């Protein structure tokens, strides 16, 4: 069904009967025949009822604004690019949520230890009126742009402010689109780096964007010294142990990166044992040091004359 929806031209929506789409809003037949927004609304509701949310729909900018203004989509993520709109309605599951938080904590910790000026935004909307809107899962302004967006700003106007330096999409069910249409979208947007967190395969596809083209990187240039492989190891560890233990491990690793300590293989991770290999044995009574009572000083008797 999603494939069929993707291939259905917007002009064909008018041929759909008003009762053919579940969850439709009330409207007259005249409204149905003349309103392109109503057709889009029907398709979006159909997608919501069938979990077919990985779709791009041909739409005007006005159609897109009307769609995202609908109260049914207040918690949805909205994208507009190349005269198409995408509304992501799928609920966020456990795995997606954990990886989402892990990357925010990890990058926040790294920027603090490296003393990098940076500002994190969670699901912030960036807009070029009439042509483009993106809402990455996580985005960062770094360095001289860290405070470029003033407090009190709603949707970030990209005709006034620069795009973020780094955009991250967490992909659990949207990997194909994140690698395809969204990658092109972020290339056109002109950000410096675009990362995809592949939840199912526990990997990070990191791209540097230059002149509207992108290529894979193993170390970030936006966050100098941050190896992508180290973040992937952190994600793998979240599958085996608690998030707090992973953050503790990351802190030790980042401190070693800061001081330049490496092992013979040129990596850092082998220097710190995996949390699962650590065993904490409570001290026994015999291990508890005993307190010694200091002896009283003795006074010598004066010699007998």
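Read-outs: derived from the displayed coordinates by stated rules, not from any lab. As the structure is a computational prediction, the values presented were derived from the model and not from experiment. Neighbour counts are summed over all protein chains in view; Cβ atoms, including those assigned to glycine, are modelled from backbone coordinates with ideal geometry.
If the chain linking residue 155 and residue 200 were pulled fully straight, counting 0.36 nm for each residue of separation and taking away their Cα-Cα distance, it would gain 13.1 nm. What the Cβ-Cβ distance of residue 221 and residue 61 gives, at R0 = 51 Å and to the nearest 0.05, is a FRET efficiency of 0.95.
Give me the percent of DSSP beta bridges within the range 159-251 that run antiparallel, rounded to the nearest 5.
Counting DSSP beta bridges with both partners in the range 159-251, the antiparallel share is about 65 percent.
Beta bridges per DSSP, both residues in the range 63-168: antiparallel share near 90 percent.
Can you give the FRET efficiency to the nearest 0.05 for residue 144 and residue 176, using r as the Cβ-Cβ distance and R₀ = 25 Å?
For residue 144 and residue 176, the calculated efficiency is 0.10.
In this simple spin-label approximation, residue 94 and residue 252 carry label points 7 Å from Cα along the Cα→Cβ vector, and these lie 2.7 nm apart.
Place a point 7 Å from the Cα of residue 69 along the Cα-to-Cβ direction; which residues of the range 110-133 have their backbone N under 15 Å from it? Only 130 fall inside the zone, counting backbone N under 15 Å.
In plain terms, the residue of 210, 55, 104 with the fewest other Cβ atoms within 10 Å comes first and the most crowded comes last, giving 210, 104, 55.
Note on 71, 174, 244: ascending count of other Cβ atoms within 10 Å places them as 71, 244, 174, the fewest first.
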